[in-house]
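The values are calculated or read from the model by the stated rules, or taken from the named source; none is laboratory data. In this text, all values refer to a predicted model and were calculated from it rather than measured experimentally. Positions of Cβ are generated from backbone atoms using ideal geometry, with glycine treated the same way; all protein chains shown enter the neighbour counts.
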Amino acid sequence: MEWLETDTSNCSIGRTLELVGRPWTFLVLREAFQGIRRFDQLQRHLGVSRPVLSQRLNQLVGAGLLERARYQEPGSRPRDEYRLTGKGGDLYPVLLALLQWGDAYVADPGGPATEVRHRDCGRRVRVAMVCEDGHEVESLQQLESHPGPGARARAI
């Protein structure tokens, strides 16, 4: 089956973008990866409207990427904070890939605003394509796509 003959309605990329492809979603996740958990902190740091932030947080919780946890400051009413789940944490390499691409193509002339470093050695972290046998893929010419077990023929 050739690519143009496949039905893309069950494409993992499309389904992932349904969860995280809306404006502000990846920026909310970026904040969560930095340990920012509280609504007011998220809203203030991102500069996003409260209704949009509320909607994105509800979507991320509904998708199982974040979970709500109750907290209460002394003298205040109980509130929720938002913590990454394992499923949400698994998106970190995607965020790092976006950061790496952005550093290469759209960073300020003075350099990137954020660097992610390995705690043990202090060197910058990069995302790499590696096959299941551990071979690093250095160019797109080394790749080929094949229909997977869930591939379906496109209705004509």
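Checking the condition out of contact with any helix residue (DSSP H, G or I) (no Cβ under 6 Å at 6 or more places or on another chain), hydrophobic (A, V, I, L, M, F, W, C) and surrounded by 11 or more Cβ atoms within 10 Å (Cβ to Cβ), which residue from Val106, Val127, Val137 passes? The conditions single out Val137. Going by the conditions given, is Glu18 within 13 Å of the chain's Cα centre (by Cα) and among the charged types (D, E, K, R)? Answer is yes for this residue. Residue-level check: of (1) out of contact with any strand residue (DSSP E or B) (no Cβ under 9 Å at 6 or more places or on another chain); (2) exposed (fewer than 12 other Cβ atoms within 10 Å of the Cβ); (3) modelled with pLDDT under 95, Gln72 misses just (1).
Quickly run through region 1-56 and pick out the residues that are small (Gly, Ala, Ser), part of a helix (DSSP H, G or I) and exposed (fewer than 11 other Cβ atoms within 10 Å of the Cβ). Passing the criteria: only Ser12. Being on the phi > 0 side of the Ramachandran plot and either assigned to a loop (DSSP other than H, G, I, E, B) or in contact (Cβ under 8 Å) with a residue 24 or more places away in the chain (or both) is the requirement here; does Gly148 meet it? So Gly148 does not fit the description; no.
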